[in-house]
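Data first, discussion second: the structure below is written as structure tokens.
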Amino acid sequence: MNLAEHLPAARVLPVITAVEVESTVELVRALQRGGMRSVEITLRTEQALSSISAVKKDQPDMAVFAGTVLSGADVQHAVAAGADACISPGISVELLTSTAYAKVPFLPGVASASEVMLGLEHGLQFFKLFPAVAVGGIALLKSLAGPFPDVRFCPTGGLNRDNFRDFLALPNVVCCGGSWMVSETLVNNGNWQEIEALAAEALSTGN
């Protein structure tokens with residue numbers, strides 16, 4: 001996967017917490033019908049790795065990011081499960097080294113200029129701003145654009161149906177992450193049509 005090509009096309013990356021493999025597959029099918037071609041499945045549950053494998057088998061053209069990757073072991077497990085890329089809430093030398101060794105695209109979380117500089121030292125250009133709203137949101141992104149004109153961000157954390165387009169309007173934002181279209185309530189109730197509609201709405205360029 002080439003992040004330079006893939007992230008701008010993704011526009012919105014749904015952040016999924018996989019509770020059950022079967023429901024996660026159904027969820028991703030609904031997102032796919034809504035036009036989405038990328039999902040993030042966080043490594044926060046026991047079913048996460050199995051869900052990544054199941055989704056890739058069911059939807060081989062869907063780009064699956066393994067989220068909440070915290071260690072080198074997580075990188076190995078995610079790649080073995082079939083993940084196309086890794087996302088972390090933070091950045092560390094261990095993760096930078098592990099993802100480079102595994103030759104898997106990596107979107108590390110950053111919240112400061114120093115963390116961006118660490119990623120740049122390892123050849124990265126794309127970062128996840130996290131938790132976006134809590135660390136400064138749009139104001140921080142505008143501030144970072146000056147010293148880092150070539151860096152691009154995927155803000156995640158605090159984004160919702162009402163504010164995500166404000167982030168996408170920034171020139172240094174290539175996509176954003178959110179969970180409003182994959183909420184626990186929607187998934188538990190099997191509201192696949194509503195999820196599909198929310199996915200389509202998120203990909204729409206209209207207001």
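All of the numbers you see were taken from the coordinates with simple rules; none came from a lab. Computed from a predicted structure; not experimentally measured. Cβ placement follows ideal geometry from the backbone for every residue including glycine, while neighbour counts extend to all protein chains displayed.
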### Message
Can you work out the Karplus-derived ³J(HN,Hα) for every residue in region 26-40? Use 6.51 cos²θ - 1.76 cosθ + 1.60 with θ = phi - 60°, whole Hz, and x for glycine or proline.
### Response
4, 4, 5, 4, 5, 5, 5, 5, x, x, 6, 10, 8, 9, 10
### Karplus-derived HN-Hα couplings along region 55-65 (A = 6.51, B = -1.76, C = 1.60, θ = phi - 60°), whole Hz, x at Gly and Pro
5, 5, 6, 7, 10, x, 8, 7, 7, 10, 8
### Query
So what is the calculated 222 nm ellipticity per residue for the chain, using -39500 (n - 2.57) for each DSSP H run with n of 4 or more, over all residues, to the nearest 500 deg cm²/dmol?
-12500 deg cm²/dmol
### Task
Treat each spin label as a single point 7 Å out from the Cα along the C-beta direction, and report the Asp166 to Glu5 distance in nm.
3.5 nm
### Query
Which of the following values of percent of Cα pairs over 30 Å apart was calculated from the structure shown: (1) 11; (2) 16; (3) 37?
(2)
## Note on the structure
Residue-ordered couplings for region 84-97, obtained by feeding phi - 60° into the Karplus form 6.51 cos²θ - 1.76 cosθ + 1.60 and rounding to whole Hz (Gly and Pro as x), are 7, 7, 10, 10, 10, x, x, 9, 8, 4, 4, 5, 4, 6
#### Entry: Length released on extending from Gln76 to Thr185, taking residue separation times 0.36 nm less the Cα-Cα span
36.1 nm
### Two-site label geometry, His122 and Tyr101: point separation in nm, points 7 Å out along Cα→Cβ
1.2 nm
## Note on the structure
Once the in-chain neighbours fewer than 8 apart are removed, the aspartates and glutamates whose Cα is under 20 Å from Lys142 read Glu115, Asp150, Asp162, Asp166
### Summary
The simple spin-label model distance between Ala197 and Arg37, using points 7 Å out along Cα→Cβ, in nm, is 2.6 nm
#### Entry: Full-extension gain in nm, Glu46 to Ala134, via 0.36 nm per residue minus C-alpha separation
28.9 nm
## Note on the structure
For Lys57, the lysines lying under 25 Å Cα to Cα, once residues fewer than eight places off in the same chain are dropped, come out as Lys103
